[in-house]
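Report on one structure; see the data block that follows.
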Amino acid sequence: MKRTILLATAATVVAGAVAAQENVVNVYNWSDYIAEDTIEKFEAATGIKVVYDVFDSNEVLEAKMLTGSSGYDVVVPTSDFLQRQIAAGAYQPLDKSKLPNLANMDTDLMAGAAIYDPDNEYATIYMWGTTGIGYNVQAIADRLGEDYEVNSWDLVFNPEIVAKLADCGVTMLDAPTEIIPAAMNYLGLDPRSTDKADFEAGAALLETIRPSIRYFHSSQYINDLANGDICVAVGWSGDVFQALYRAEEAENGVEVGYVIPDEGALQWFDMMAIPVDAPHVDNAHTFINFIMDAQITADITNYVWYANGNAASIPMVDPDITGDPGIFPTEAASAKLWSSKVYDARTDRVVTRLWTKVKTGQ
């Protein structure tokens, strides 16, 4: 028995030594969410190899974080999921002495993120944005009239209006914690409510428009919107702007628009964090600090068209991006944004059950 313990201890020490010698950082980020040359620049600057994997839903990331032993060094959860995962012990505190580029971050935005992570102890902002409506300008005009102004959730939550768009393709994120609250808000309910009756009301509204929804997916809509294969997508701001950019590059005649509806929308933060069992903690800090370099952050925003929380980067961001109210909202729009509410396990089960019913139509 004692020999077994000694062998196990020795094996652990050897494994730890091997991990320490590996000049690598394992990163798990959202799909289509980094500049083309960011990793290449990091590897050239540090000599650290990046193993880069992607996901397209918070639920997928959460399953890995709560199971443990993911093998990742840096992950990018959205703020409300981050809060829940911190409570579950999934992350380790940042060593801020190794993150001098924290000085570049916007203090107001970091204070907003601190609602989910007090004192920004466990994470820092990667990018942030809103969940609104992406649309094909001409397809909407063809079906609703040249004078129809896309400025309201009516476009997707009014059964009579969305039915007129079903033929050209209407899609929604596969994100129950975002879509159901948006429906609640449209009904005049508090989108941060955790009242079961409010969730049921939001889900009931979604069921009335379900026949007009082509699919629920959190990444497919980018190319489909860019190619003209769909005409409306409830999606993340930066993804819709990526679709716009791809359509312009392809010169395919598709004009993509994005709007934060007048009734308001969800504001979220995607956060860089280090799992509690990350195998390469020093390299993780090096990677996060590199991303917070003003020029690197600007390069990412210029490529993915998402707003960032890096104040020092703003002068280097394309003025067409900083001046677009769909990316950097106006004061009036900002006043109507809401933040996510973190659900307990019981509430989660209610939302998941209702979402399954909405998606399957049963």
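We did not get these values from a lab; they are worked out from the coordinates using the rules stated. Note that the coordinates shown come from a computational prediction; the quantities given were computed from them, not determined experimentally. Note that we place each Cβ from the backbone using ideal geometry, even for glycine, and neighbour counts take in every protein chain shown.
Points to keep in mind about this one:
- Here the gap between residue 67 and residue 192, fully extended at 0.36 nm per residue and compared with their Cα-Cα distance, gives a gain of 42.2 nm.
- Partner lysines for residue 49 [C-alpha distance under 28 Å; skip if fewer than 8 residues away on the same chain]: 41, 64, 96, 98
- C-alpha long axis of helix 237-250 to longest principal axis of the chain, angle in °: 80 degrees
- Efficiency of FRET between residue 277 and residue 359 - r from beta-carbon atoms, R0 25 angstrom, step 0.05: 0.15
- Potential extension, residue 215-residue 160 segment - 0.36 nm per residue separation minus Cα distance: 17.9 nm
- For the chain, the antiparallel share of DSSP beta bridges with both residues in that region comes to about 60%.
- Under the convention that each Lys and Arg Cβ holds +1 and each Asp and Glu Cβ holds -1, the size of the dipole of the chain around its Cα centre is about 1700 debye.
- Taking the Cα centre of the stretch 318-362 as origin and assigning +1 to Lys and Arg Cβ atoms and -1 to Asp and Glu Cβ atoms, the resulting dipole is close to 680 debye.
- Among beta bridges identified by DSSP and lying wholly in the stretch 19-152, the antiparallel ones come to about 0 percent.
- Electrostatic bookkeeping for residue 29 treats Lys and Arg as +1 and Asp and Glu as -1; over the other residues with beta carbon under 9 Å from its beta carbon, the sum is -2.
- Most mobile listed residue (25, 137, 259) in the chain, GNM with C-alpha springs under 10 Å: 137
- Gain upon complete extension [residue 347, residue 53; 0.36 nm per residue less C-alpha separation]: 102.8 nm
- The stretch 25-41 versus the stretch 76-139: alpha-carbon centroid distance in Å: 17 Å
- Cα-based helix-to-principal-axis angle, 196-209 vs the chain, degrees rounded to 10: 60 degrees
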